[in-house]
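One structure is given below, encoded as structure tokens.
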Amino acid sequence: MINEKEWDITYINNLKEVDKHIKESKVTLNYEYITEKYFEMYEVALNAGTIMPYRFNAIGLAYIGHDHDRPTKFNNFDPKTKERLQKSYAKRNELQFKYANPDSDPIGRYEEFLDKEIFDFIEEFPQYKNIIITDE
């Protein structure tokens, strides 16, 4: 269950509704799990030199708790981690630009970018596999 003191439930419900109409995506996000683990995942990912999946950006905007209460602790990034983060952000910018074109392939947008980031995240951090709802 989503903590209503920390997360805007109306906003989250709107995200769920939007997701229902994204026929190109093969991913159903588990918003209950994501909001429960959001800041833990954020901390783990950045400390490993990985950025959060793009589709999580909208979820982060639903956070209404106090900024100083966010339970995140970041290590001082070593040069390899910084380089990995820079490459990840550069690749994301490239994909965002590529798929911002209205003539771009909408299925490719998910297979090569939006869904792929989520699957890659789960592959790197299998402890967070519950970020998606599967039929299994």
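The values are calculated or read from the model by the stated rules, or taken from the named source; none is laboratory data. Quick caveat: nothing in here was measured; it's all calculated off a predicted structure. Note that each Cβ is placed from the backbone with ideal geometry, even for glycine, and that neighbours are counted across all protein chains shown. Side chains included, ligands, DNA and RNA excluded: accessible areas come from the protein's heavy atoms. Shrake-Rupley method; radii C 1.70, N 1.55, O 1.52, S 1.80 Å.
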request  = Taking K37 as the residue in question, decide whether it is of a type outside the set (A, V, I, L, M), over 17 Å from K116 (Cα atoms) and either within 14 Å of the chain's Cα centre (by Cα) or open to solvent by 90 Å² or more (accessible area, probe 1.4 Å) (or both).
outcome  = yes
task = Could you please tell me which pairs satisfy a Cβ distance under 8 Å, a separation of 6+ or placement on different chains, a first residue in the range 69-94 that is at positive phi, and a second residue that is loosely packed, with under 10 Cβ neighbours inside 10 Å and at pLDDT 85 or above?
result = none
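Please find, within the range 40-65, the residue that is least open to solvent (accessible area, probe 1.4 Å) out of those that are of a type in the set (S, T, Y) and not in a loop (DSSP other than H, G, I, E, B). Talk me through it step by step, then tell me what you get.
Within the range 40-65, the subset of a type in the set (S, T, Y) is 42, 50, 54, 63.
Right, trim to not in a loop (DSSP other than H, G, I, E, B) and you get 42, 63.
Working: Y42: 79, Y63: 25 Å².
That would be Y63.
Given Y54, Y38, which one is modelled with pLDDT of 85 or more, within 22 Å of Y128 (Cα to Cα), in contact with a Gly (Cβ under 8 Å, 6 or more places away or on another chain) and not acidic (D, E)? Show your work before the answer.
Working: Y54 fails: in contact with a Gly (Cβ under 8 Å, 6 or more places away or on another chain).
Within the list Y54, Y38, the selection yields Y38.
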Test set (1) touching a Phe, Trp or Tyr at 6+ places or on another chain (Cβ under 7 Å); (2) polar (S, T, N, Q); (3) within 15 Å of A45 (Cβ to Cβ) - Q127 fails condition number = (1)
